[in-house]
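These notes are about the structure you will find just below.
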Amino acid sequence: MDVDARIAELASFALDRDAPVVFLTGAGISAESGIPTFRGNEGYWKIGSVNYQPEELATRAAFGRMPEELWAWYLYRRGVCRAARPNAAHRALVRTEKALGDRFLLVTQNVDGLHLRAGTSRERCYQIHGNIDFMRCEDEHPRVREIPASIPVDWPKTRKLSDSDRAALACCGGKRFARPHVLWFDESYDEELFHFESSLEAGATMSMLVVIGTSGATTLPSHLVSTAVRRGVPLIVIGPDESPFTRAAHGVGNGLVLAGTAGEWVPRVARALGASDV
């Protein structure tokens, strides 16, 4: 069967059911906008004489030891993200939301905010790893708020926090730093900040799962894919490389692997789901 006909067949299965179509996105969709994955040399961050990798820095423990250095790294990363622009795949998902309305749900691992900047609604975009444009207190009821406008968006790698930066990034009456609103490697998902239970509930009822640019390294995305496999709903996986998710899609009757880029395939899936081309 022609691949577009197969996409249309799976989309028709989903559209015939009164249930959400869930899109799960990862770093691959943002890479097409020029955001590096911060692995290899791009990921190193020098503090004193030590080169740290992202897995060492992106932890609550590291923030507790060196909050100013961590903030400088995140503000630099924020500048890289803000310099990027949404691509064809982001825009196709916006059109898909317009076509599906409340039957559309986007679950993203990306903290770059590109989906929201493209036009996806905040209510239908679960940012399960947070958003690098925001910060929050760590009190019992954390208040998430945007990083103040006084903090430069274009943050050079060599810049350190000034007294005014420290004041802008403070919380609790200036007694301590607020923290970046991201999920760190040594933390767990929750509902209040990261839509954990809501994502699981969507997986339990979804009529189709479309995985875009992620290989399945974290627990919640893996749970969504395993739920799709167990329930027998269509599972479309888009990406250039083999992964646990492509193997899952190859192993089920309602699975389809679209090897290539998000910009190539997401607009075609969007059309099959009734989204316009403009």
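The values are calculated or read from the model by the stated rules, or taken from the named source; none is laboratory data. Not measured: the values here are computed from a predicted model. In this analysis, Cβ positions are derived from the backbone assuming ideal geometry, glycine residues included, and neighbour counts consider all displayed protein chains. Remember, those area values only see protein heavy atoms, side chains included, never the ligands or the DNA or RNA. Shrake-Rupley method; radii C 1.70, N 1.55, O 1.52, S 1.80 Å.
Key figures
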{"quantity": "For the chain, size of Cβ-based charge dipole, Lys and Arg +1, Asp and Glu -1, in debye", "calculated": "560"}
{"quantity": "Between 0 and 90°, nearest 10: helix 196-205 axis offset from the chain longest Cα axis", "calculated": "0"}
{"quantity": "For segment 51-166: relative contact order, % (alpha-carbon pairs under 8 angstrom, 6 or more apart)", "calculated": "27"}
{"quantity": "Nonlocal amide H pairs with Thr37, under 5 Å, H built at 1.01 Å", "calculated": "none"}
{"quantity": "Share of carbon and sulfur in the accessible heavy-atom surface of the chain [1.4 Å probe, %]", "calculated": "50"}
{"quantity": "Percentage, to the nearest whole number, of Cα pairs in segment 1-131 over 27 Å apart", "calculated": "34"}
{"quantity": "Between 0 and 90°, nearest 10: helix 3-15 axis offset from the chain longest Cα axis", "calculated": "80"}
{"quantity": "Cα-based helix-to-principal-axis angle, 262-272 vs the chain, degrees rounded to 10", "calculated": "50"}
{"quantity": "Distant-in-sequence amide H partners of Met208 (H built 1.01 Å from N, under 5 Å)", "calculated": "Val22"}
{"quantity": "Segment 157-278: radius of gyration over Cα atoms, expressed as a fraction of 2.2 N^0.38 Å", "calculated": "1.44"}
{"quantity": "Potential lengthening between Val144 and Val50 on full extension [0.36 nm per residue; Cα-Cα distance subtracted]", "calculated": "30.7 nm"}
{"quantity": "Rounded to the nearest 10 Å², the accessible area of Glu32 at probe 1.4 Å", "calculated": "80"}
{"quantity": "Relative contact order (%) - the chain, alpha-carbon pairs under 8 angstrom, separation at least six", "calculated": "27"}
{"quantity": "FRET efficiency, Ala88 to Arg176 (Cβ-Cβ, R0 51 Å, nearest 0.05)", "calculated": "0.75"}
{"quantity": "The chain, Rg to Rh (Cα coordinates; Rh as Kirkwood inverse mean 1/r)", "calculated": "0.99"}
{"quantity": "Mean accessible surface per residue for segment 124-269, computed with a 1.4 Å probe while every protein chain stays in place, in Å²", "calculated": "46"}
{"quantity": "Listed peptides 255-263, 18-26, 98-106, 47-55 by packing density, highest first (mean Cβ within 10 Å)", "calculated": "18-26, 255-263, 98-106, 47-55"}
